[in-house]
Amino acid sequence: MEGQFVLKDFIHPVLNEEVRTISGHYVLARENRFAFKGREVLYYIGCAIVDSSCCAPGGCAYALVPGYIRQWKYKLNPENLPITQVEPIRDKDYQEELRRLIKEKESVQQVNFE
């Protein structure tokens, strides 16, 4: 069971917009909601490409999990992007279970929690 919760404002990113980094780029391609233990989880599917590193090229598909949805798109930020209030998922057992479920459903290599 989850312990004491902390609420956080999560700014929804623009989908399919390439973000450059020092070693490559990443793209968040899809936003999803997932029913889990009577609550709703927000997560994103993206891919990261390492193409400007000194080592070797590579990449991976991943999921990013902001947390449980508390208030869906309840306001906009100054750049007009929607903000959802989320509760980060801190329970390690829940994280492992969600990691397994999302990997099975989405065929991603990594599932990261904020």
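The values are calculated or read from the model by the stated rules, or taken from the named source; none is laboratory data. Bear in mind that the values here come from a model prediction, so they are computed numbers and not experimental data. Heads up, the Cβs are rebuilt from the backbone with ideal geometry, glycines too, and the neighbour counts pull from every protein chain shown.
Number of residues in segment 17-28 that are more than 14 Å from the chain's Cα centre (by Cα) and either among the acidic types (Asp, Glu) or closer than 10 Å to residue 47 by Cα (or both) equals 3.
Assess whether residue 56 counts as being under 19 Å from residue 112 (Cα atoms), modelled with pLDDT under 95 and either among the hydrophobic types (A, V, I, L, M, F, W, C) or in a loop (DSSP other than H, G, I, E, B) (or both). Judged against the criteria, residue 56 is not a match.
Restricting to segment 15-54, name every residue that is closer than 19 Å to residue 108 by Cβ, surrounded by 11 or more Cβ atoms within 10 Å (Cβ to Cβ) and among the small types (Gly, Ala, Ser). Those that are closer than 19 Å to residue 108 by Cβ, surrounded by 11 or more Cβ atoms within 10 Å (Cβ to Cβ) and among the small types (Gly, Ala, Ser): 24, 29, 46, 48. Looking only at residues in segment 67-96 that are within 11 Å of residue 113 (Cβ to Cβ) and among the basic types (Lys, Arg), the one that is surrounded by the fewest Cβ atoms within 10 Å (Cβ to Cβ) is 92. Taken over segment 66-95, the criterion of being in a strand (DSSP E or B), farther than 23 Å from residue 37 by Cβ and of a type in the set (D, E, K, R) is satisfied by 75 alone.
Residue 14 - would you say it is of a type in the set (Val, Ile, Thr), modelled with pLDDT of 90 or more and over 12 Å from the mean Cα position of the chain (by Cα)? Judged against the criteria, residue 14 is a match. If you go through segment 6-38 and keep only what is over 16 Å from residue 114 (Cβ atoms) and among the basic types (Lys, Arg), you end up with 20, 30, 37.
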